[in-house]
1. I'd like the mean, over residues of A:144-156, of how many other protein chain beta carbons sit within 10 Å of each residue's own Cβ.
2. How far apart, in nanometres, would the label points at residue B:248 and residue B:119 be if each is projected 7 angstrom from Cα along the Cα-to-Cβ direction?
3. Helix B:5-14 versus the longest principal axis of chain B: what is the Cα-based angle in degrees, 0 to 90, to the nearest 10?
4. To test your reading of the geometry: what angle, between 0 and 90 degrees and rounded to tens, separates the Cα axis of helix B:111-130 from the longest principal axis of chain B?
5. To the nearest 0.05, how large is the calculated FRET efficiency for residue B:165 and residue A:164 if R₀ is 45 Å and r is the Cβ-Cβ distance?
6. Take the alpha carbon gyration tensor of the protein assembly as shown, find the square roots of its eigenvalues, order them as a ≥ b ≥ c, and report rounded if a/c is under 1.5; if not, report prolate when a/b exceeds b/c, else oblate.
7. Cα gyration tensor of the stretch B:5-94, axes a ≥ b ≥ c as square roots of the eigenvalues: rounded (a/c below 1.5), prolate (a/b > b/c) or oblate?
8. For a quick check: sort B:45, A:206, A:154 by the number of other beta carbons within 10 angstrom, fewest at the front.
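FYI, it's all coordinate maths here, none of it is from the lab. Source: prediction; values computed, not measured. Cβ: placed from backbone, ideal geometry, glycine included. Neighbour counts: every protein chain shown.
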């Protein structure tokens, strides 16, 4: 089965002041911009490599790690042209080129010795293309980070009940009724409605902020937002 | 925090819903998406009527405000606007009930009715041009025909709107003549297979790749379709002599019949006199 990984880390800081990626690159060290990119893109890149090249868990982790290290060395951001593509597309194409080169080099070394591939049954577990997996994981990771931000924000501002109600309703598969949630927490139903509205609104702000940190500016941000919201 | 596929889909949906707490509106369902934002059906709890609520990104609020100031019978009237807690802007407007133009003309619709709709759309676009607004995304899906035949041009575009393939002018920077192109594409879409060549020529001229070869503005295009409706020669087509003769015949049918009757009577009298 697909093994998960915690590499890439979680950032708990409320990112309300994140500037755009290009601004961060031009005003600060590249490593800071890279940290943001790694936090959001590590898992999508890792899963993309696994699916695209059929590599096992450890090889995919190594390739992902190597990609981000080389991105820093090769100054990946300097060559990004926002007029040509979104940063997300640019990064995926860079990963594809990098991983293809590395993967074929590794296979040449192992030829005759048996290069390691994902077992067939694991490969067949999904019908999604590597690109679709990359997009999906990107969305998942964006929301994961935004949820961490929301939780940290709630804890920081004494709004734990807001988060509890939000968690009980929006982060579970089986949603309880507003009446049940109100009774469980000893508040009125209107309070549940208002707290949920606040949490969703703040989550949206957290997602926007995270997205701003990895896009080139307002134009790209707006485009990504249009794709993101259902 | 780990997020499953179904929860991710749910979050993408709920986090995009507008928070109308504190307004007089109660959200119902999403009814459309356009270049500027998402439109929902909602209930105005004070007046007890249904309205449409358009949600626009804060960065587009300035352009949206200019568009909201357009007052024309073929442009959906705005009742009220406001700012949501997340800084997005909302516009409460008339909820248009009717059919989208592409669905409307799928039924049996006469050529005269098709041209009437084009004229209404063109008049709205021409009016907007006088206020410095260009549509940018004219297409059948953005035109509604109400149950009493009223026509509404929807989803007025902003700078960020890229247009729709097949209806968008080829030039990278859109201006008024780009709307002329789109209106020509709309005319082409509206024409039945058996459409007269004069109307096809009007659509072709409006859709020229070189903007300077198109009609200079929307009223010029409408004048040419008007000439066709009046049975006159159109500017876009140099018609063959036999077609001109045919058109003359159709246009002056009553006169020609009278003339024929006169000649017939004269002939009869001459014939009787010489018996």
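1. Details: counts 4, 1, 4, 5, 1, 1, 1, 1, 0, 0, 0, 0, 0.
What the average comes to for A:144-156 is 1.
2. Simple spin-label model gives 2.7 nm for this pair.
3. 70 degrees
4. 60 degrees
5. Numbers: r = 48 Å, r/R0 = 1.07.
The calculated FRET efficiency here is 0.40.
6. Cα axes put the protein assembly as shown in the prolate bin.
7. Working: a/c = 1.81, a/b = 1.39, b/c = 1.30.
Prolate.
8. Working: B:45 11, A:206 25, A:154 21.
So the residues, fewest neighbours to most, are B:45, A:154, A:206.
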